[in-house]
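Reading through the structure tokens given below for one structure.
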Amino acid sequence: MHEGLAREITQYEQRTPRSRQAHTRALERIPLGVASNYRAYDPYPLFVKEGKGGHLWDLDGNEYIDFNLSFGALMAGHSHPAVVRAVESRLRGGTAYGMPHEMEWELADEICKRYPVDMVRFGSTGTEATMHAVRLARAAAGRDRIIKFEGAYHGLHDAALVSVKPHLEEIGPPGEPVAVPGGAGIPASHVANTLVASFNDLRSVERQFEKHPGQVAAVICEPIMMNVGICMPLDGFLSKLRELTQQHGAFLIFDEVKTGAKLAWGGACEYFGVKPDIVCLAKSIGGGLPLSAFGATRAVMDLIGQHKVFHGGTYNTNPISMAAGLATFREVLTRDAYQHVDRLNRKLLGAYLRITEASGLKASVVGAGANGVLLFRPAPVRNYRDWLEVDTELWRHYWFAMVNRGVLAQPYWWDEQWTISVQHTEADIDRHIAVFQEVAPALAHAQKEREQVAAVR
Ligand SMILES: Cc1ncc(COP(=O)(O)O)c(C=O)c1O
């Protein structure tokens, strides 16, 4: 570990003793001491006391400007007044019915107005949305295989947990990625049905169609890959992917769990002007409550209506999440809100660019909609393999240095990105910029030292 990083981690430990205590206790009863593997990191994760608006407090009472925002699920910010009002007003009318109610049509209608779908069904998590989307596509196409992109994350079900973060030694040649299970317990038959291609490389997709003629039900794709920092699609990639799937009689599933609410009013479909067959939504559509949805054309969704494809869930459309979702769409994610967030993000991205250049830091700054990222690789990433070149130690230095100065710049892990919420203010962005300005020279210095050490080796 280089000296600058070690110093920041020591400071982190001095500032956050209560998080360490809470983590030590949690380790006795909870694997890794956390409820999702993504939340575990060394030396121990920050434990939260509370969040308000665009800010968060840890157990020791340290305040942070929060650009993690629950892994991007909170473009609304913490406890947005409109969401709180809607939830409070429903709380005493029952929290789960397991029966239909009128908010279902209302929210379905809101979604159909924003995204190019005719009908929707709801769930609680992104994992459910992509799982049902894949099943629906398989049923509609009468085929079993799907194609996903190397490095893309679509949730935790067996079809999706393939080649999520495979190691360099096991991934095969460029353009012909090998499918690698994302952990133990995934049946080999599932891995065999999930074919893997390289993002931004249409030929690699074509190759899979050619190798498995008439067998591919769907291509599932995050329009912007957001589990390798931010990986933008090259010009025309998504529209050509659309054509290719059509040529091969396969469905195109847009996993808009992240982009759906945060990229633009109408998600990536609107932003890129590409119409997929199935759209998956989750995270920020619920304003902080568990809510997801998947939608498609009437013909595809009718497979559920005809009892050919099964879909259910006890907590689907629970009134609390639905009230939060309605408030989020109607009062939070407005056209004006996108303008506000876009303006703040442009300011932040511009400052990051200026500061990295001025400090001599070799890094790329990429952003779109409410999201942005500093990637410790000189050029932006075009696919998962590019992202493997990111200097992770330098990233850790950046993250802990920002945290120690009161800015939770993004979720922990260098595959994530910052989110700006509608509740962030100009002052929050100015503070973020000032802290990065303070930290950047030390990062540039550490980068030079690390390069010199690597050159000697
Ligand atoms: C693109 C994408 N799809 C699906 C998921 C899974 O969503 P959830 O964690 O709500 O199951 C995630 C979660 O990070 C995601 O980023």
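Read-outs throughout are calculated quantities, based only on the coordinates presented, and are distinct from any laboratory measurement. Values in this document were obtained by computation on a predicted structure and should not be read as measured data. Cβ coordinates were reconstructed from backbone atoms using ideal geometry, including for glycine residues, and neighbour counts include every protein chain displayed.
Here are a few things to note about the model shown:
- Anisotropy class of region 156-229 from Cα gyration tensor, a/c 1.5 cut: rounded
- Lys49 long-range amide H proximity, modeled H, under 5 Å: Trp57, Asp58, Leu59
- Alpha-carbon centroids, region 102-123 and region 1-38: separation in whole Å: 41
- For Phe149, residues with placed amide H under 5 Å, excluding near neighbours: Ala197
- Applying the criteria of a DSSP loop state and at most 14 other Cβ atoms within 10 Å to the trypsin sites (Lys or Arg not before Pro) of region 58-151 yields Arg92.
- Part-to-part distance (alpha-carbon centres) for region 389-457 and region 326-364, which is given in Å: 16
- FRET efficiency, 1/(1 + (r/R0)^6) with R0 30 Å, evaluated for Leu168 and Ala192 via beta carbons: 0.85
- Across the alpha-carbon set of region 314-450, the Rg to Rh ratio works out to 1.05, Rh being the Kirkwood radius.
- Student exercise, the chain dipole from Lys, Arg, Asp, Glu Cβ charges, in Debye to nearest 20: 260
- Alpha-carbon centroids, region 183-253 and region 72-91: separation in whole Å: 35
- Efficiency of FRET between Tyr97 and Phe310 - r from beta-carbon atoms, R0 25 angstrom, step 0.05: 0.75
- Dimensions of region 197-331 from C-alpha coordinates, computed as largest minus smallest value along each principal axis and given longest first, are 46, 37, 22 Å.
- Bridging of Lys113 to aspartates and glutamates at a Cα separation below 14 Å is possible for Glu270, once same-chain residues fewer than 8 apart are set aside.
- Rg/Rh for the chain (Cα atoms only, Rh after Kirkwood) is 0.96.
- Shape summary of region 82-197, radius of gyration then Dmax from alpha carbon positions: 18.9, 58 Å.
- Principal axis extents of the C-alpha atoms in region 245-324 (largest first, rounded to whole Å): 42, 34, 14.
- For Lys448, the lysines whose Cα falls under 21 Å of its own Cα, not counting residues fewer than eight places away in the same chain, are Lys362.
- Highest average packing first - 276-282, 29-35, Cβ atoms within 10 Å: 276-282, 29-35
- Entry note, the chain: the mean residue ellipticity at 222 nm calculated from DSSP H runs of n ≥ 4, each adding -39500 (n - 2.57), is -13500 deg cm²/dmol after division by the residues and rounding to the nearest 500.
- Grouping the Cα pair distances of region 118-255 into 5 Å bins from zero gives a pair-distance distribution of 2, 11, 21, 25, 23, 13, 4, 1, 0 percent in increasing distance order.
- For region 275-341, chymotrypsin sites (Phe, Trp or Tyr not before Pro) are listed when DSSP marks them as loop and at most 13 other Cβ atoms sit within 10 Å of their Cβ; the list is Phe310.
- Per the Kirkwood formula applied to alpha carbons, region 1-90 shows a radius of gyration over Rh ratio, Rg over Rh, of 1.04.
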